[in-house]
Amino acid sequence: MKTAVAFAVCACAVIFVSAAGDQKSKNCNEVRTAYSSKGFNSNDVPNKGVHGAHLKVCPQGFSCCTLEMEEKLSQQSRTDVKAPISQLSSNLQTTFTERHQHFDQFFKELLNNSEKSLNDMFVRTYGVMYVKNAELFKHFFHELRRYYASGGAAVHLDSMLADFWAELLERMFRLVNVQYEFTDNYMECVSQHTEQLKPFGDVPRKLRLQLTRAFVAARTFTLGLALVPDVISKVSTVGASPSCVRAAMKMLYCPYCTGQVALKPCKNYCLNVMRGCLANQADLDTEWNNFLDAMLSLAERLEGPFNFESVMDPIDVKISDAIMNMQENSMQVSQKVFQGCGQPKPTYRSRRSTKDSGFPGRFRPYSPETRPTTAAGTNMDRLVTDVKKKLKHAKKFWSTLPETVCVGDRVASGDECWNGTAKSRYESIVMGNGLANQVSNPHVEVDITKPDVVIRRQIAVLKEMTSWLKAAHSGNDITFDNEEDGSGEESGSGCDSPSCDNDKDMYFSTPTPVNPRKVQQEKDSSSGVQLAPCSLILAMAALTLALLAPFTR
């Protein structure tokens, strides 16, 4: 009887050991299949489970992993953690690269279309007189392009526009007064008083306001769009720390070592690991969101009072109106000039009437209904509506990366998930986002006293761009050569009030820049009295006041 019992016990023990061996063998076979699917050599996997005392990351009990396998899976985990983040970042990068190209192409084509439209209309309306002076308008558009490309460091818009109107006045003044001969000094006197004479009516003031606000907004907004993919590119260079890689390995592949290849990590476990790994990136979020808010605010301006398209499309009509103002008021303007700068000498050339001076007629009235919307195959409203959606979608991108990664089939919930040691519920508290919240992260060791240098630099870049966007929102351009002298200059409308949205014709708050050309009048054209180099200062001052008196009445 005893012999029979002993035999039965031995038989059961053999069966149990055999079953356990078969289970180990079976589990390792599944591991071998999963391991080789990652591109590794299946021969690395032991035929049967072994004791895991040699392992550095995973549990050291029964294991289908060798130390070599653990090292390879650690490298794989680095790639696996980075892959979804890279995909999300790449998608956002592509989105804004495309939007930047769309806006940039639109603005450039609109400039080209406006120049072509002005040239065609002026050739038709003014004929040979325009052709002879076409370089003035060509230079005008060339300077606008230069400003769009390089900003206030290359072109000061106020000064450029003041020079344009002064030069246009000089040329037109000669044309409507062909019976007189004018010296260069006399014409300097004329151009210096363009603002007081107002020969072009209110067009220069209105156009200066509209052009400045529209160009500052368009250029700054385009720079903002270009910054998004650049920031993403820089941040993508930040690698995973050794502690992050270790935590990712434990989360993703330690289930392999226990033979549970299909077991997914618990969601909260995944969140803690990813928030530890992405602690520095999450700190971008505050300035990132501030930047996006500033972009959205400027986008509203582009739809309203700073609309680049509504300024550039009718610019030919506006300049033509200015020319017609000068033609209709040429007699009054000429009389004021003659009183202030002196009576010019008559020319001995054949006299021509003002009517024949090359300004045959007024343009047709501008109709908003006929405004072309074909630049880059779209229009401003469509572009802005589209990009606003993308900007809103990009908010909180960095702080929500862990939630975006730890979803779907990458994680499991309840008790049917890997908690880092076994198939069971995850009990640890989920950490907050950002570096400061990782002090007690149970899986990733994070030194909160050493923020990543690349991330800190991008935070500073975003903060600086936000200040540019806010300045552009008020119609101001902050020049971008601050590196040279440590200080920036502003120019523009200076419009900080909500009334900017409604009043498109309000004056600049910044003063009109002085024309850089110097007046060097050597004699009074009306009297022919030569001023000696050593004339008394008081006499010179008195003569100057007498010459300028008509302009100040």
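Quick notes
- For the range 111-163, the set of residues classified as in contact (Cβ under 8 Å) with a residue 40 or more places away in the chain and among the β-branched types (V, I, T) consists of T125, V128, listed by residue number.
- Of the residues in the range 400-423, not one is among the small types (G, A, S), at pLDDT 95 or above and either in a helix (DSSP H, G or I) or open to solvent by less than 50 Å² (accessible area, probe 1.4 Å) (or both).
- Breaking point among (1) modelled with pLDDT of 90 or more; (2) surrounded by 12 or more Cβ atoms within 10 Å (Cβ to Cβ), for R371: (1)
- Scoring L462 on the criteria (1) surrounded by 18 or more Cβ atoms within 10 Å (Cβ to Cβ); (2) out of contact with any Ser or Thr (no Cβ under 7 Å at 6 or more places or on another chain); (3) farther than 30 Å from E309 by Cα leaves a single failure, condition (3).
- Flag if K345 is open to solvent by 20 Å² or more (accessible area, probe 1.4 Å) and at pLDDT 95 or above: no
- Per-region count, the range 51-62, residues crowded, with 16+ Cβ neighbours inside 10 Å and over 47 Å from the mean Cα position of the chain (by Cα): 4
- Pairs with Cβ under 9 Å, 6+ apart, first in the range 261-284 and free of Cβ contacts under 8 Å to residues at least 24 places away in the same chain, second open to solvent by 30 Å² or more (accessible area, probe 1.4 Å) and assigned to a helix (DSSP H, G or I): A262/E30
- Of everything in the range 73-95 that is under 28 Å from D44 (Cβ atoms), buried (at least 16 other Cβ atoms within 10 Å of the Cβ) and polar (S, T, N, Q), the residue that is farthest from the chain's Cα centre (by Cα) is S74.
- Filtered by the rule that a residue be small (G, A, S), over 13 Å from A218 (Cα atoms) and within 20 Å of the chain's Cα centre (by Cα), the range 125-155 gives G152, A153, A154.
Condition check ((1) at positive phi; (2) crowded, with 23+ Cβ neighbours inside 10 Å; (3) acidic (D, E)) across all residues:
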{"residue": "C244", "(1), (2), (3)": "no, yes, no"}
{"residue": "L252", "(1), (2), (3)": "no, no, no"}
{"residue": "G259", "(1), (2), (3)": "yes, no, no"}
{"residue": "C266", "(1), (2), (3)": "no, yes, no"}
{"residue": "C270", "(1), (2), (3)": "no, yes, no"}
{"residue": "V273", "(1), (2), (3)": "no, yes, no"}
{"residue": "G276", "(1), (2), (3)": "no, yes, no"}
{"residue": "E287", "(1), (2), (3)": "no, no, yes"}
{"residue": "F291", "(1), (2), (3)": "no, yes, no"}
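- The set of residues in the range 278-311 being outside any helix (DSSP H, G or I) and in contact with a Gly (Cβ under 7 Å, 6 or more places away or on another chain) consists of D283 alone.
- Pair list, Cβ under 6 Å, 6 or more apart: the range 296-315 residue of a type in the set (F, W, Y), other residue not in a loop (DSSP other than H, G, I, E, B): F306/R213; F306/A214; F306/A217; F308/A214; F308/A218
- A count restricted to the range 57-84 and to residues that are part of a helix (DSSP H, G or I) and within 14 Å of L252 (Cβ to Cβ) stands at 15.
- Remark: pairs (first residue in the range 27-39, farther than 9 Å from V261 by Cβ and in a loop (DSSP other than H, G, I, E, B); second residue modelled with pLDDT of 90 or more and open to solvent by less than 80 Å² (accessible area, probe 1.4 Å); Cβ separation under 6 Å; 6+ apart in sequence or on different chains) = K38/Q76.
- Failed criterion for H54 (all others in (1) more than 20 Å from A240 (Cα to Cα); (2) outside any loop (DSSP other than H, G, I, E, B) hold): (2)
- Only listed residue being in contact with a strand residue (DSSP E or B) (Cβ under 7 Å, 6 or more places away or on another chain) and not basic (K, R), chosen from M324, M331, M295, M251: M251
The values are calculated or read from the model by the stated rules, or taken from the named source; none is laboratory data. What you see is a predicted model; the values in this text were computed from it and never measured. Methodologically, a virtual Cβ is constructed for each residue, glycine included, from the backbone with ideal geometry; neighbour enumeration extends over all protein chains shown. Ligands, DNA and RNA are excluded from the accessible area calculation, which covers all protein heavy atoms including side chains. Shrake-Rupley method; radii C 1.70, N 1.55, O 1.52, S 1.80 Å.
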